[in-house]
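To start, the structure itself, in structure tokens.
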Amino acid sequence: MTSEPIIHIENVHKRFGNVHALRGVNLDVYKGEVIVIIGPSGSGKSTLLRCINRLEEFDEGRIVVDGIPLDTAANINAVRTEVGMVFQQFNLFPHLTVLENILLAQRIVRKRSKEEATRIALDLLYKVGIPDKANNYPIQLSGGQQQRVAIARALAMNPKIMLFDEPTSALDPEMIQEVLDVMLALAREGMTMVVVSHEMGFARAAAHRAILMDEGQIVEEAPPDVLFTNPKQERTKAFLSKVLH
Amino acid sequence: MQTATPSQTSSATRKTTVDQWWLLVIAVIALIVFLVVTQPNPYQRILIFVEDGVWVTLRTTMISFVLVLILGLVVALARLSKLWLLRGFFTIYVEIIRGIPVLVQLLFWYFAFPPIIQNLGTSLNSPALINYKADPNFMAILGLTICYAAYMSEVYRAGIQSIPKGQMEAARSLGMTYFQAMRYVILPQAIRVILPPVGNEFITLLKDTSLISVVAVSDLTRRGREFMASNFIPIQPWIMVSLLYLVMTLISARVVHYIEQKTKIER
Ligand SMILES: Nc1ncnc2c1ncn2[C@@H]1O[C@H](COP(=O)(O)OP(=O)(O)OP(=O)(O)O)[C@@H](O)[C@H]1O
Ligand SMILES: [Mg+2]
């Protein structure tokens, strides 16, 4: 790990009207690191993730991604091409086939030729384990397959960082593992990843650090084994006792 | 969950059935032919007399509608903009337009607008403005376009807003600009939603063009009235004019229906 963080988050505040969703978050993520964020509903996990690629604007503080400060519109688009995002609801484009979903941004943002973009798309579909679904529409795929297409679509842009917001929580239980396997493989390849997920198995296997958020703040951070089995903060213990039953 | 076009799964099994409403179109045309053949006086005379009016009505409808489609989209996007000045301006425009009868708007553009320009010309001492004359056809198209663009913007806006927020977010997170996301992700999905109401707007516009007959445009309605006035027969001209409008609106409805079916089947 180098000394320069690839994501630098400094005292970030975010308010939605009266709701103070982020209350001074500080976090550095280093290249190749996998971070898992856990925490109760409404604690600001999604909001933090969305601030990193500026889907949400923050009110105070500073975020620098790969040396690019998030301030002007030009910077935001530069950052967005470096940061891939995977959503809980997949958000595939329903009017396009799987292949077209993966081609679109490559063509109009990365300006790749059709041949090159198609080759990249097919390679990625192979990598996420659904090479035979290229010409299907998203609705014809299972949830797990859709989420793997969404991952492939994000990867096609060659992001340096991948953000995952509860990628498996909209999935039927039997489909969770196939998505986690893809994510695990990605982590092993050295992708920098920030993952909001309560999948403890994945966190243990892939994450370098686990973070507990509560009420808009980072309450505790530690390697996942330590955080899950031996937390220091009362709030972490309380949360874990609920999640682990 | 993902919103999905429900037709996607069933598209393979769906067959194009013959649209039986075409029979109604044929029946109305047959009735016109029947009247013209069996009672050439006055029906054939009326038909020949109002024919140029049919073309004026169709031309005005087509030109206005194309402009309405473009301007309506611009207004809709402006109203969805984050810039409050832009949003506010076009919101007020839509509210004003929707609160004034179309007929009154057409009268305004034809009668009130030219003298306003001329007075302005006088105070600015500009001969070009002082000599400004309103062309009835131009003013009719202008009036209809400004009015219907306001209605159409609401149709677009509802369609765009019916697409889940996650679609825009996914597009933006892939690095697309707002307009790229609109162009490639949001609008193609919204089109399917708005096609039926857009078709209705077209048919309503077609019928409302009859209002331009009061601002010196020789459309179908005006030609019908002229025939009535010069021949002193009150009944038959309006039967013929009604049938001609009916043919146009019924055909339009079928075409809209056809396009709707086609976009469904392609997915
Ligand atoms: N667009 C919004 N408008 C208003 N309030 C919002 C908005 N987005 C989030 N919030 C509020 O901000 C707080 C943090 O929300 P956030 O979605 O970040 O929580 P979360 O930790 O991701 O929760 P969950 O586990 O339920 O996804 C919540 O109180 C939420 O109601
Ligand atoms: Mg969330």
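Any idea which residue in the stretch A:42-54 is nearest to A:K14 (Cα to Cα), counting only those that are part of a loop (DSSP other than H, G, I, E, B) and within 8 Å of ligand 1 (Cβ to nearest atom)? Looking at residues that are part of a loop (DSSP other than H, G, I, E, B) and within 8 Å of ligand 1 (Cβ to nearest atom), I get A:G44. The conditions are (1) of a type outside the set (D, E, K, R); (2) buried (at least 23 other Cβ atoms within 10 Å of the Cβ); (3) over 22 Å from A:D28 (Cβ atoms); (4) away from ligand 2 (no atom under 16 Å from the Cβ), and A:N135 fails exactly one of them. Which is it? A:N135 satisfies every listed condition except (2). I'm trying to understand the selection: among the residues of the stretch A:99-128, which are of a type in the set (D, E, K, R) and open to solvent by 30 Å² or more (accessible area, probe 1.4 Å)? Across the stretch A:99-128, the qualifying residues are A:E100, A:R107, A:R110, A:K111, A:K114, A:E115, A:E116, A:R119, A:D123, A:K127.
Only residues that are open to solvent by 40 Å² or more (accessible area, probe 1.4 Å) and more than 12 Å from ligand 1 (Cβ to nearest atom) were counted in the stretch A:55-74, giving 11. Scan the stretch A:222-245 and report the pairs whose first residue is farther than 25 Å from A:D28 by Cβ and whose second residue is open to solvent by 50 Å² or more (accessible area, probe 1.4 Å) and modelled with pLDDT of 90 or more, with Cβ atoms within less than 8 Å and a gap of 6+ or a chain change. Cβ pairs passing all conditions: A:V243/A:H198. Restricting the stretch A:125-179 to residues that are of a type in the set (F, W, Y) and farther than 13 Å from A:F90 by Cα, the residue that is farthest from the other protein chains (Cβ to nearest Cβ) is A:Y126.
Please find, within the stretch A:184-201, the residue that is farthest from A:A238 (Cα to Cα) out of those that are more than 12 Å from ligand 1 (Cβ to nearest atom) and open to solvent by less than 10 Å² (accessible area, probe 1.4 Å). Ranking the qualifying residues of the stretch A:184-201, first place goes to A:L186.
Of all residues in the stretch B:171-198, exactly one satisfies the criterion of being assigned to a helix (DSSP H, G or I), open to solvent by 30 Å² or more (accessible area, probe 1.4 Å) and among the polar types (S, T, N, Q), namely B:Q180. Among residues that are in a helix (DSSP H, G or I) and buried (at least 17 other Cβ atoms within 10 Å of the Cβ), B:G224 is included. Of everything in the stretch A:37-64 that is within 14 Å of ligand 2 (Cβ to nearest atom) and among the basic types (K, R), the residue that is farthest from the chain's Cα centre (by Cα) is A:K45. Within the stretch A:17-40, the residues that satisfy the criterion of being more than 13 Å from ligand 1 (Cβ to nearest atom) and of a type outside the set (K, R) are A:G24, A:N26, A:L27, A:D28, A:V29, A:Y30, A:G32, A:E33, A:V34, A:I35, A:V36. Mind checking which residues of the stretch A:161-181 are more than 16 Å from ligand 1 (Cβ to nearest atom), farther than 22 Å from A:D28 by Cα and open to solvent by less than 20 Å² (accessible area, probe 1.4 Å)? Once the filter is applied, which keeps residues that are more than 16 Å from ligand 1 (Cβ to nearest atom), farther than 22 Å from A:D28 by Cα and open to solvent by less than 20 Å² (accessible area, probe 1.4 Å), the stretch A:161-181 yields A:V179, A:L180. Residues in the stretch B:119-170 that are surrounded by 19 or more Cβ atoms within 10 Å (Cβ to Cβ), free of Cβ contacts under 8 Å to residues at least 24 places away in the same chain and either of a type in the set (D, E, K, R) or more than 14 Å from chain A (Cβ to nearest Cβ) (or both): B:E169 only.
Exactly one residue among A:V29, A:V34 is modelled with pLDDT of 95 or more and either within 16 Å of ligand 2 (Cβ to nearest atom) or in contact with a Pro (Cβ under 8 Å, 6 or more places away or on another chain) (or both), and that residue is A:V29.
The values are calculated or read from the model by the stated rules, or taken from the named source; none is laboratory data. These figures come from a predicted structure and were not determined experimentally. Cβ: placed from backbone, ideal geometry, glycine included. Neighbour counts: every protein chain shown. Areas reflect the complete protein model, heavy atoms only, side chains present, ligands, DNA and RNA absent. Shrake-Rupley method; radii C 1.70, N 1.55, O 1.52, S 1.80 Å.
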